[in-house]
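The structure appears below as structure tokens.
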Amino acid sequence: MGQPLELDGSYGEGGGQILRTALTAAALTGRSLEIHSIRAGRPKPGLAAQHLTAVRAAGALCQAVIEGDSLGSQRLRFAPQAPVRPGNYRFDVAAAREGGSAGAASLVLQTVVLPLALADGTSDVTVRGGTHMAWSPSFDYLSEVWGAVLARLGFAIGFELHAFGWYPVGQGEIRATIAGAAPGRRRLHPVDLLEPGPLVRVTGRALAANLPAHISQRMADRARALLTEQGVESHIRPERVRAACPGAGIFLTAEYANLRCGFSALGAVGKPAEAVAEEAAQAVLRHRASGAALDLHLGDQLLLPLALTEGPSRFTVEQVTLHLETNAWVIESFELARIRIETEASGIGRVTVSPVGTARGPALRPLTETYRGPQSGLRNG
């Protein structure tokens, strides 16, 4: 058995994205993985409930042998033992910690949907947890933005919201239906997204869970007014919804001629509804003024899908973030793609993703049922 790929979890932004991208890549390629200093850049380092759920979810796909899968662990060994298998999967972030957790369901889903999309068969994945949380893509972003660009590449993934989940209780539920296709049976297309094209309209919704209806109405009205002042057509609907605990936020999708981008802001105790709306609307306007194609977060979330396509892709992004650079490092460590990141004079980023080898890359070899680990390893301390 070859030596596992080693990754330093303190590299770059030093957060959970290193872990999630590495788990996805390990499941895709069958390479054993060791990560140390997990989430060393966070106030509470080590595996939190949502990260532990992602580890066990990825392991379930490929029958991985796992060591270090416990709350607070800063070291993990993950060794796939079989090809990724399609099927019906259900994961609950709350089950990872006594007393429950509102950890992000979306981040667990993003860990498993790409391997299942390249498995031979359809899968249904349900994840319970937070659905509209800080520091993670909301359900609306998954469905309207990330899912839309994946469809453009050739993936077939649908998202459904079955229950809202807000901090600190969670208990929301997202379901993903993934039409998998074995190697050679689905073409994944590279993209050129250097300009967004004209901003056609902004759509979205202002949500108030277990709160008075005027809160969602005030968020919608204020966002609409700000966008109208700048000549942007918008359709933002206020919604009062039920959830396990109160929560509020506004979730906007900017529909450009060439793609969609997403922007959001969450409510908090003492934060006026109008301030929440202004935060999201101003983010839309800043992105439009930048001239970049991708929003601040889509750049790092798109790197791995682009590494699986048939040829080089290019895009511009509002800003080169540490998340983007760190995710590129993980993907290159798995030898899935070569990624070039440049910052232009205007401040926007220009990124080129060149997959290694053919459409799925030599590392994405089909595994046999007798597979018991990689034959060679790449060490990055």
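The values are calculated or read from the model by the stated rules, or taken from the named source; none is laboratory data. Being a predicted model, the structure only gives us computed values, none of them experimental. Reconstructed Cβ throughout: ideal geometry from the backbone, glycine too, with neighbour counts over all protein chains shown.
Tell me, please, whether a residue that is modelled with pLDDT of 95 or more, closer than 24 Å to E98 by Cα and of a type in the set (V, I, T) can be found in the stretch 61-70.
Yes; the residues of the stretch 61-70 include at least one that is modelled with pLDDT of 95 or more, closer than 24 Å to E98 by Cα and of a type in the set (V, I, T).
If I filter the stretch 174-197 for residues that are under 22 Å from the mean Cα position of the chain (by Cα), part of a strand (DSSP E or B), under 26 Å from S101 (Cα atoms) and of a type outside the set (V, I, T), do I get at least one hit?
yes
Output the residues belonging to the stretch 254-295 that are surrounded by fewer than 22 Cβ atoms within 10 Å (Cβ to Cβ), of a type in the set (A, V, I, L, M) and within 30 Å of R187 (Cβ to Cβ).
Residues satisfying the conditions are A257, L259.
With the requirement that a residue be out of contact with any Asp or Glu (no Cβ under 6 Å at 6 or more places or on another chain), closer than 27 Å to L294 by Cα and among the β-branched types (V, I, T), what does the stretch 238-277 give you?
I250, V276
Identify, by number, the condition in (1) touching a His at 6+ places or on another chain (Cβ under 8 Å); (2) under 22 Å from H235 (Cβ atoms) that R260 doesn't meet.
(1)
Rundown of residues vs (1) in a helix (DSSP H, G or I); (2) over 20 Å from T21 (Cβ atoms); (3) among the polar types (S, T, N, Q), yes/no style:
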position: L76; (1), (2), (3): no, no, no
position: A82; (1), (2), (3): no, yes, no
position: P86; (1), (2), (3): no, yes, no
position: F91; (1), (2), (3): no, no, no
position: E98; (1), (2), (3): no, yes, no
position: A102; (1), (2), (3): no, yes, no
position: V108; (1), (2), (3): yes, no, no
position: L116; (1), (2), (3): yes, no, no
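Mind listing whichever residues of the stretch 304-332 are farther than 21 Å from F155 by Cβ and outside any loop (DSSP other than H, G, I, E, B)?
First, pick out the residues of the stretch 304-332 that are farther than 21 Å from F155 by Cβ: 316, 318-323, 325-326, 329, 332.
Of everything in the stretch 304-332, those that are farther than 21 Å from F155 by Cβ and outside any loop (DSSP other than H, G, I, E, B) turn out to be T316, L322, H323, E325, T326, W329, E332.
Among G249, G299, G231, which is the only one that is in a strand (DSSP E or B) and not hydroxyl-bearing (S, T, Y)?
Values: G299 fails: in a strand (DSSP E or B); G231 fails: in a strand (DSSP E or B).
Sole residue among the options that is in a strand (DSSP E or B) and not hydroxyl-bearing (S, T, Y): G249.
Do you know which of the residues in the stretch 86-107 that are of a type in the set (S, T, N, Q) and within 16 Å of I157 (Cα to Cα) is surrounded by the most Cβ atoms within 10 Å (Cβ to Cβ)? Walk me through how you get there before you give the answer.
Within the stretch 86-107, the first condition is being of a type in the set (S, T, N, Q), and the residues that meet it are 88, 101, 106.
With the extra rule that they be within 16 Å of I157 (Cα to Cα), the set shrinks to 88, 106.
Working: N88: 9, S106: 28.
Per the criteria, the residue is S106.
Testing F78 on (1) modelled with pLDDT of 95 or more; (2) buried (at least 24 other Cβ atoms within 10 Å of the Cβ); (3) hydrophobic (A, V, I, L, M, F, W, C); (4) within 20 Å of the chain's Cα centre (by Cα), one condition comes back false. Which one is that?
(4)
So for the stretch 239-260 (the condition being free of Cβ contacts under 8 Å to residues at least 40 places away in the same chain and in the same structural domain as A104 (by TED's automatic domain parsing)), does at least one residue qualify? Walk me through how you get there before you give the answer.
Filtering the stretch 239-260 for residues free of Cβ contacts under 8 Å to residues at least 40 places away in the same chain gives 239-240.
Among the residues that remain, those that are also in the same structural domain as A104 (by TED's automatic domain parsing) are: none.
No - not one qualifying residue is present in the stretch 239-260.
Within the bounds of the stretch 216-225, is there any residue that is under 30 Å from F315 (Cβ atoms), touching a strand residue (DSSP E or B) at 6+ places or on another chain (Cβ under 8 Å) and not charged (D, E, K, R)? Before you say what the answer is, go through the steps one by one.
To start, the set of residues in the stretch 216-225 that are under 30 Å from F315 (Cβ atoms) comprises 223-224.
With the extra rule that they be touching a strand residue (DSSP E or B) at 6+ places or on another chain (Cβ under 8 Å), the set shrinks to 223-224.
Imposing the further condition that a residue be not charged (D, E, K, R) reduces the set to 223.
Taking every residue of the stretch 216-225 in turn, at least one turns out to be under 30 Å from F315 (Cβ atoms), touching a strand residue (DSSP E or B) at 6+ places or on another chain (Cβ under 8 Å) and not charged (D, E, K, R).
Any chance you could count how many residues in the stretch 252-265 are in a strand (DSSP E or B), in contact with a Pro (Cβ under 8 Å, 6 or more places away or on another chain) and within 16 Å of R152 (Cα to Cα)?
Count: 2.
If only one of G59, G72 is part of a loop (DSSP other than H, G, I, E, B) and over 19 Å from E332 (Cβ atoms), which one is it? It would help to see each step written out before you state the result.
Details: G59 fails: part of a loop (DSSP other than H, G, I, E, B).
Answer to the check: G72.
Out of all the residues in the stretch 219-235, which are surrounded by fewer than 17 Cβ atoms within 10 Å (Cβ to Cβ), hydrophobic (A, V, I, L, M, F, W, C) and farther than 20 Å from A248 by Cβ?
The answer is none; no residue qualifies.
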